[in-house]
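These notes concern the structure reproduced below.
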Amino acid sequence: MIRDITLGQYFPGESGIHRLDPRVKIVMALTYIVALFLVKDFWGFFFAVLVLSIIIKASGVPLKFIIRGLKPIFIIIIFTFTVNMFMIGGEVLWQWKFLHITREGLFIAVFMAIRLILLIIGSSLLTLTTKPIHLTDGIESLLKPLTVFKVPAHELAMMMTIALRFIPTLLEETDKIMKAQMARGADFESGNVIRRAKSLIPLLVPLFISAFRIAQDLAMAMEARCYRGGKHRTRMNAIRIRKGDYVAVFLLILFVVIIVAEPSIKGLLV
Amino acid sequence: MSIKVENLTHIYAEGLPHQQVAIEDISFEIEDGSFVGIIGHTGSGKSTLVQHLPGLLKPNSGSIIIDGEDITKKEGSLTEIRRKTGLVFQYPEYQLFEETVAKDVAFGPLNLGVSMEEAERRVGEALKQVGMDVKLVGDVSPFELSGGEKRRVAIAGVMAMEPEVLILDEPTAGLDPKGHHDILELVEKIHKAKGGITILVSHNMADIVNYADKVLVIEKGKLVMEGTPLEIFKREDELIKMDLDIPPAAELIRTLRERGLKIKGNPMSVKEAVSAIYEAIKP
Ligand SMILES: Nc1ncnc2c1ncn2[C@@H]1O[C@H](COP(=O)(O)OP(=O)(O)O)[C@@H](O)[C@H]1O
Ligand SMILES: [Mg+2]
């Protein structure tokens, strides 16, 4: 049940997308997210969806798997959609007492929902096709220049690696404790908000204790192997830019140009 | 009280790339009053199997009939089923959460809706059954106890629900030899005292052989052997092929036989082995 969450999960594969340099992929994902906020009309979104579909197809990750990852955020999407739809003024299409839907509101609501969905799919595609360890290597490498300004690049990356590494472990632990308490008659599903919050205590207390125990063991194990931070540390698998990465960067630039120029291209055509 | 499991199959993460068939087409029956041992390697599916009995997991197919009722078809609350079948998880001490031992043990019974007085009575009773005294440990924080004591408290937490079927999933895992022995003795004592069905899960044959009336051997999610300990040990060679440990005494007898000593019978405990060897070498 709780293990079905796919956000932040890696989907093993050998596709060209999987093999891209993690730095390139991170920059691609960030650019894509920024681009989503630049597009303002139908054709722009159409293009963004098209590009994402091609990348998904190329990555070999089943669509079903990606959609499943959307489930936990579904409520947020519905919420923003509803708020946008009813709150924005303009040409009224439908009215009932104080509620009204306007043409502008509807457009913004639809665009916002699409934007959110694309944003989540775009960023989860990054984690789906990149091993956590490569992802953090990439982040560390991208943050390297900032060490001049005393940004602890290695430490940040290490913290992320550890956090990512322990998400499945903690989910597993949650699942187990939940079942153990259910075996003792605990009920996590019914009752009002206060009762439900209270029923979480038998879950959260053991979970925190487990988390601290795991953290302590890990710290001890790292120290026993003489870990002392980033200085002079080399890597077993250094990341290297390859030919495919240049192609990806070129396509990325093309994408940005099209997104930015899209309104004027349309202007020329009409 | 009877349990009947029919063609039980459970698949984790069905339809995903890491899909895992944990148990496949398992069927068996357990009669009232029996002490059942389930053995198999780590990862063979033992825990998955026993988590179905209190309805904590839903099977992909198959049924579990407890006292004539198929619990996999049951709609609504499973509390009554969970009262009847108490499951002590592996490393149960990690589920302790209350401020005091007494409060923690009372968690189960209070969830069942018993009165405060009744819960208190059960706490005293359950702690006594695991060899602890509520007057001494009742007000202590469970986190201050030793590993073995924590485990006893956790077992008491399930006992206090007064289940008719008590399932223990590797209750000796991670304990020192003395703690290991004590827990097994305790489980046997509890079984004799309360009657009903006891199911003991272990990856170690030696744990089960002295206590069980019936042994189920699980290998890679399938039920591969079923019978009395004696019947199972007659198929020693298969057990060894599966890489399952046989009891040290049986291992000794086996080695002596290989070296040419003629030993009669099928001794499994140390005591039986001693007399069998004595018979064989007696001048
Ligand atoms: N919650 C889970 N999600 C996915 N796979 C699981 C889960 N629990 C167990 N498994 C897998 O199912 C198989 C059987 O596990 P388990 O029942 O725990 O075996 P055992 O108790 O005999 O060690 C193992 O391969 C294990 O990796
Ligand atoms: Mg297990």
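Read-outs: derived from the displayed coordinates by stated rules, not from any lab. If you're wondering where the values come from, they're calculated on a predicted model, not measured in any experiment. Cβ sites come from the backbone with ideal geometry, for glycine too, and all protein chains shown count toward neighbours.
One chain, two ends: residue B:13 and residue B:67. Fully extended at 0.36 nm per residue, the span grows by 16.4 nm beyond their Cα-Cα distance. Go through A:254, B:186, B:95 and say which Cα lies farthest out towards the positive end of the charge dipole of the protein assembly as shown; charges sit on Cβ, +1 for Lys and Arg, -1 for Asp and Glu. Checking the options against the dipole of the protein assembly as shown, the answer is A:254. Two tests apply to each whole DSSP H helix in chain A, Cα reach of 27 Å or more along its axis and mean Kyte-Doolittle hydropathy of at least 0.0, and the ones passing both are A:103-129, A:153-183, A:201-224, A:243-269.
Put simply, when A:184-190, B:69-75, B:103-109 are sorted by average Cβ atoms within 10 angstrom per residue, most first, you get B:103-109, A:184-190, B:69-75.
Here is how the number arises for chain A: DSSP H runs of 4 or more residues each give -39500 (n - 2.57), the sum is divided by the residue count, and the result at 222 nm is -23500 deg cm²/dmol. Against the main long axis of the alpha-carbon atoms of chain B, helix B:177-194 sits at an angle near 70°.
Across chain B, the mean sequence separation of Cα contacts (distance under 8 Å, 6 or more residues apart), normalised by length, yields a relative contact order of 22 percent.
In this label model, residue A:238 and residue A:41 are separated by 4.9 nm, measuring between points 7 Å along each Cα→Cβ vector. Close amide H partners of residue B:90, meaning residues 5 or more places away or on another chain with modelled amide H under 5 Å apart, are B:169. Projecting the Cα positions of A:65, A:234, A:92 onto the charge dipole of chain A (unit charges on Cβ atoms of Lys, Arg, Asp and Glu, taken about the Cα centre) puts A:234 furthest along the positive direction.
Residue by residue along A:201-209, Cβ atoms of other protein chains within 10 Å of the local Cβ number 3 on average. Would you give the gap between the C-alpha center of segment A:203-252 and the C-alpha center of segment B:44-64, rounded to a whole Å? A separation of 36 Å, based on Cα centres.
Each peptide in B:82-95, B:189-202 gets a packing score, the mean of other Cβ atoms within 10 Å over its residues, and the list from highest to lowest is B:82-95, B:189-202. Relative contact order of segment B:92-162, taken over Cα pairs closer than 8 Å and 6 or more residues apart, is 50 percent. Between the C-alpha center of segment B:225-280 and that of segment A:103-162 there is a gap of 61 Å.
Tally Lys/Arg at +1 and Asp/Glu at -1 over every other residue whose Cβ is under 9 Å from the Cβ of residue A:244; what's the total?
It works out to a net charge of +1.
For chain A, a simple Cβ point-charge model (Lys and Arg +1, Asp and Glu -1, everything else neutral) yields a dipole of about 520 debye relative to the Cα centre. Between residue A:209 and residue B:257, the modelled labels are 4.6 nm apart [label points 7 Å from Cα along Cα→Cβ]. Rounded to the nearest 20, the size of the Cβ-charge dipole of segment B:92-162 about its Cα centre is 200 debye, with Lys and Arg at +1 and Asp and Glu at -1. Using the Cβ-Cβ distance between residue A:194 and residue A:14 with R0 = 41 Å, the FRET efficiency computed as 1/(1 + (r/R0)^6) comes to roughly 0.25.
Rounded to the nearest 20, the Cβ-based charge dipole of the protein assembly as shown about its Cα centre (Lys and Arg +1, Asp and Glu -1) stands at 2220 debye.
Counts of other chain beta carbons within 10 angstrom of each beta carbon in peptide B:86-94 average 4. For chain B, the longest principal axis of the C-alpha atoms and the axis of helix B:270-281 are separated by about 10°.
Dividing the summed helix terms, -39500 (n - 2.57) for each DSSP H run of n ≥ 4, by the number of residues in chain B produces a 222 nm estimate of -11500 deg cm²/dmol to the nearest 500.
For the segment A:170-183, counting C-beta atoms of other chains within 10 Å of every residue's C-beta and taking the mean gives 5. A Förster distance of 41 Å, applied to the separation of the beta-carbon atoms of residue B:146 and residue B:31, puts the FRET efficiency at 0.65. The orientation-averaged projected area of the convex hull spanned by the Cα atoms of the protein assembly as shown comes to 37.4 nm².
Dipole of chain B computed with +1 at Lys/Arg Cβ and -1 at Asp/Glu Cβ about the Cα centre; of B:50, B:36, B:109, farthest Cα towards the positive end is B:36. Between helix B:101-111 and chain B there is an angle of about 80 degrees, using the helix long axis and the longest principal axis of the Cα atoms. With each label modelled as a point 7 angstrom along the Cα→C-beta vector, the residue B:121-residue B:278 pair spans 4.9 nm. Restricting to Cα pairs below 8 Å that are 6+ residues apart, what does the relative contact order work out to for segment B:134-283? Please round to a whole percent. That works out to 14 percent.
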